[in-house]
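Enquirer: Sharing a structure, written as structure tokens. Questions coming.
Nothing in this text is a laboratory measurement; each read-out follows from the coordinates by a stated rule. These numbers were taken from a predicted model, which means no experiment stands behind them. Cβ atoms come from the backbone with ideal geometry, glycine included; neighbour counts cover every protein chain shown.
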Amino acid sequence: MELFPYEEFRPYQREIYEKTYTTLLTGGTLLINAPTGLGKTAAVISAAAKYILETGGVVHYTVRTRTELEPPVRELANIMRRGVELDYVVIKSRQDMCCYQQLKKLDYLEFLAECNLLKSMDKCVYYPPRDVSIPLKNVSAYIKFLCTAYSCPYEYAKARLNRAKLIISTYYYILGREHIDLKDRAVIIDEAHSIFDAVIHLYTVKVSETDVKSAYREAKKYGFLEEASKIYALLTFIRKMSGVVDLGDLLGIVEDLDLENAIWEIIKKKTDEKINPYTPLILLRELKNALKSRIKYFSEIRGEDATKVLVLQPLDPTSLVKEKLKEAKSVIYISGTLPISLFSTTLGLIKYSHIDISFSEYIPRQNYLSIVDLGVTTKFTERSEDMYVKIAQRIADIINISPGGVLAVFPSYEVLKGVRKYLSISIPHWYEGSQEVDLHNLPDRFFIGAVARGRYAEGVEYVRDGKNLLSTVAVVGVPYPEPSPYLEKRVESLRPRLGEKAWNSVYLYYAIIAVRQAIGRLFRGPGDRGVLIFLDRRYAEPDIWSSLSDILSGSLIVNELGEAKENIIHFFTSVLKVAK
Ligand code: SF4
């Protein structure tokens, strides 16, 4: 049964469709790295639908963010429009799905308390959810339809979680703290390159000095004096300490902080008073539970004075991912920027199959000119004003000879600021962190100074009337994340398993993804053309070169960008001729 919702497969789509279907059927792990624009979501969702209809199996399709829910939902709607009936459910955070707009402005924990209060008092007109059948178009229409039918979309979806055959959700429902039984189920993880960051985000606990102060006041106000004095000890600890803190010390303070009774009583009293029953004691309970869990955490106190925040971050997101997915029958990781080898090493995958559609397979080599400049680096130990001047001169040259938009992606705000001082640009230009870029009104020629992993280097499109406005992407330095005690600890925790490769699994992994994301702003499909400039000699070193060889092979290697000036001008002239 063919469920693919389009006339014909585009290049590589059939391979993705068939391999996904086979993996769902036989079980196992499949890694798919395929560029954006190739249509992998349609291929994967169709294969999942075929598998469900033929075997009755269950598939979870998970995405990192709520906006990423749209593509799989849209493709499912396309399939169902052809008369296919599938028991599906779409679920994201309760607050996102809530029908009361005013509740969406509350902090999440306050929102939860308010929602529970409304439900317990029979004051939510959307609760309990009604059984309705929904025409599927997109996520917002799905939610709107349910709200119009007086059926809480979140409660509606939750009630169907265990019986639906296709669950399209955010990562939380698979990777979050709550236990989910994945036995005999299949999991598809979209945007899989970001899974480790997503897991870190899901398990991070942040408690500010203000939160602890409010918890202390509240415990006192409601007469829980013993609890209040223990909370005060935590407050003193946060005030006194800064930087990395010992988990043992922290646990010693919260270990006998029993808040269950106080939380229950305060919520009850507030409910009786008909006010939002949220209490900041809930946050402290979360902190204690995290510290007492089996998860290995790293803890530090950030900020100064009254803005101090205690942060707990999981040390080994890879083991959390493995633990969560160990029962699943099959797991399919898909992404447009998945470094297959680094990813599988980091995750400790031994047996897996993969589809790896490299950049050079998808984008014809004649469509781009790539240059590695050995004359500069942003290596931490070599950063200097002289180096920033050299980089600024190169960027100025790039802007002068580029016929379209230029995106320069810096490894950090620090480097961006350092270089920016020496740049004087006459065309419209923006710097991340200083000005908002009006993406809908970009002129023909412009410059954007972006930061790796920031909002202008990932996920955005620089297009007008379907045409990519960028002609050049310059990657300034290697976008390794800035070294931090947390990242160093993560390397340390991976070292027993990965040895020398542990550093690459943390630092190089992020850098490679950031480079590929930056390049993806210029190359959205095989029709795009442009120049890629790598301003750092480290691109010629083996680890980085081999991780980016599909892009870097055939690059001009120069000691100074000026040596490649004629090549760049020639490239743009011939590209413009072709375009005419
Ligand atoms: S039950 Fe649903 S609609 Fe009602 S407050 Fe909670 S989330 Fe909102």
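Enquirer: Sequence neighbours fewer than 8 away in the same chain don't count; with that in mind, list the lysines whose C-alpha is under 18 Å from residue 274.
Expert: Excluding near neighbours in sequence, the set is 119, 123, 221.
Enquirer: Can you compute the modelled spin-label distance between residue 365 and residue 55, with each label point 7 Å from Cα toward Cβ, in nm?
Expert: 4.0 nm
Enquirer: Each residue of the range 374-387 in order: what ³J(HN,Hα) in whole Hz does its phi give by Karplus 6.51 cos²θ - 1.76 cosθ + 1.60, θ = phi - 60°, with x for Gly and Pro?
Expert: Values per residue, Gly and Pro as x: 7, x, 9, 7, 10, 3, 3, 6, 10, 6, 7, 4, 4, 5 Hz.
Enquirer: Still on this structure, please answer the following. So what's Rg/Rh here for the range 315-411, counting alpha carbon atoms and using the Kirkwood radius for Rh?
Expert: On the way: Rg = 20.2 Å, Rh = 18.1 Å.
Result: Rg/Rh = 1.12.
Enquirer: Which residues does the label zone of residue 383 cover in the range 446-480, counting backbone N under 20 Å from a point 7 Å along Cα→Cβ?
Expert: 449-457, 474-480
Enquirer: For the range 381-502, just run the numbers: alpha carbon Rg, then divide by 2.2 N^0.38 Å, N being how many residues it has. Mind showing how you got there, number by number?
Expert: Values: Rg = 16.9 Å, N = 122, 2.2 N^0.38 = 13.7 Å.
Against the empirical 2.2 N^0.38 Å value, I get 1.24 for the range 381-502.
Enquirer: Additional query: Can you report the principal axis dimensions of the range 428-564 using only the alpha carbons, biggest first, rounded to whole angstrom?
Expert: 52, 33, 28
Enquirer: Tell me, what ³J(HN,Hα) does each residue in the range 32-43 have, in order and in whole Hz, if you take phi through Karplus 6.51 cos²θ - 1.76 cosθ + 1.60 with θ = phi - 60° and put x for Gly and Pro?
Expert: Using θ = phi - 60°, the values come out as 10, 10, 9, x, 4, x, 7, x, 6, 4, 4, 5 Hz.
Enquirer: When only Cα pairs under 8 Å and 6 or more residues apart are kept, what is the percent relative contact order across the range 294-440? Mind showing how you got there, number by number?
Expert: Working: 66 pairs, mean separation 17.6, N = 147.
Value for the range 294-440: 12 percent.
Enquirer: So, in the range 362-579, how many Lys pairs have Cα atoms under 29 Å apart, if the pair is 8 or more places apart or on different chains?
Expert: Lysine pair count for the range 362-579: 16.
Enquirer: Further question: Sorted from largest to smallest, which semi-axis lengths in Å does the alpha carbon gyration tensor of the range 298-351 give for its equivalent ellipsoid, taking the root of 5 times each eigenvalue?
Expert: Working: eigenvalues 218, 39, 20 Å².
Listed largest to smallest, the semi-axes of the range 298-351 are 33, 14, 10 Å.
Enquirer: Right, something else. Out of all DSSP beta bridges in the chain, what portion is antiparallel? Express it as a percent rounded to 5.
Expert: Working: 15 of 69 bridges.
Expressed as a percentage, antiparallel bridges in the chain total about 20.
Enquirer: Another question about this same structure. Using the Cα centre as the reference, give the magnitude of the dipole from point charges on the C-beta atoms of the range 1-95 (Lys, Arg: +1; Asp, Glu: -1; all else neutral), rounded to the nearest 20 debye. Kindly include the intermediate steps, with their values, before the conclusion.
Expert: On the way: 12 positive and 11 negative charges, 81 e Å.
It comes to approximately 400 debye.
Enquirer: Which is the longest part of the chain that has none of the GluC sites (Glu not before Pro) sitting in a DSSP loop with at most 15 other Cβ atoms within 10 Å? Before the final figure, lay out each step's value.
Expert: Working: sites that count: 2, 7, 8, 85, 178, 255, 273, 304, 327, 436, 461, 500, 560.
Answer - 328-435.
Enquirer: Let me ask you something else. Using θ = phi - 60° and the Karplus curve 6.51 cos²θ - 1.76 cosθ + 1.60, what whole-Hz ³J(HN,Hα) does each residue of the range 522-534 get, with Gly and Pro shown as x?
Expert: In residue order, the calculated couplings are 8, 10, 9, x, x, x, 7, 9, x, 10, 10, 10, 10 Hz.
Enquirer: What fraction of the DSSP beta bridges in the range 362-579 is antiparallel, stated in percent and rounded to the nearest 5? List each step's numbers first, then the result.
Expert: Details: 2 of 28 bridges.
Taking every DSSP beta bridge with both residues in the range 362-579, the antiparallel ones total about 5 percent.
Enquirer: Let me ask something else about it. Bins of 5 Å, beginning at zero and ending with the bin holding the largest distance: percent of Cα pairs per bin for the range 1-119, please.
Expert: With a bin width of 5 Å, the distribution comes to 2, 10, 18, 19, 16, 11, 7, 9, 7, 2, 0.
Enquirer: Another one. Would you please state which residues of the range 344-372 a label at residue 497 would reach in this model, taking the label point 7 Å out along Cα→Cβ and a backbone N cut-off of under 19 Å?
Expert: 344-353
Enquirer: Between residue 65 and residue 26, how many nm apart are label points set 7 Å from Cα along the C-beta direction?
Expert: According to this spin-label approximation, the distance is 3.7 nm.
Enquirer: Would you mind calculating the relative contact order of the range 203-314 from Cα pairs under 8 angstrom and at least 6 residues apart, reporting the percent as a whole number?
Expert: Details: 150 pairs, mean separation 46.6, N = 112.
That works out to 42 percent.
Enquirer: Under a plain spin-label model, where a point goes 7 Å from the Cα along Cα-to-Cβ, how far apart in nm are residue 86 and residue 286?
Expert: Distance between the two pseudo-spin positions: 3.3 nm.
Enquirer: Relative to the Cα centre, what is the charge dipole magnitude of the range 362-579, using +1 at the beta carbon of each Lys and Arg, -1 at the beta carbon of each Asp and Glu, and rounding to the nearest 20 debye? Show your work: numbers first, answer last.
Expert: Values: 26 positive and 25 negative charges, 64 e Å.
The calculation lands at about 300 debye.
Enquirer: Over the Cα atoms of the chain, what Rg and Dmax result, in angstrom?
Expert: Considering the chain through its Cα atoms, Rg and Dmax are 26.0, 79 Å.
Enquirer: Taking one equal scatterer on every alpha-carbon of the range 203-314, how large is log10 of I(q)/I(0) by Debye at q = 0.10, 0.13, 0.19 1/Å?
Expert: -0.27, -0.46, -0.95
Enquirer: Something else about it: Compute the relative contact order of the chain as a whole-number percentage, counting only Cα pairs closer than 8 Å that sit 6 or more residues apart in sequence. Walk me through the numbers before you get to the answer.
Expert: Working: 969 pairs, mean separation 95.9, N = 580.
It comes to 17 percent, rounded to a whole number.
Enquirer: Would you mind pulling out the separation of the Cα centroids of the range 48-94 and the range 457-528, in Å?
Expert: 29 Å
Enquirer: Find the cysteines in the chain that fail to meet the 4.7 Å Cβ criterion with every other cysteine, and list them.
Expert: Cysteines lacking a close Cβ partner in the chain: 98, 115, 124, 152.
Enquirer: So who's got an amide H within less than 5 Å of the one on residue 298, skipping anything under 5 residues away but keeping other chains? H placed 1.01 Å off N, in plane.
Expert: Placed amide hydrogens put 313, 315 under 5 Å from residue 298.
Enquirer: With only alpha-carbon atoms counted, please give the Rg and Dmax of the range 55-197, in Å.
Expert: According to the Cα coordinates of the range 55-197, Rg and Dmax are 15.3, 43 Å.
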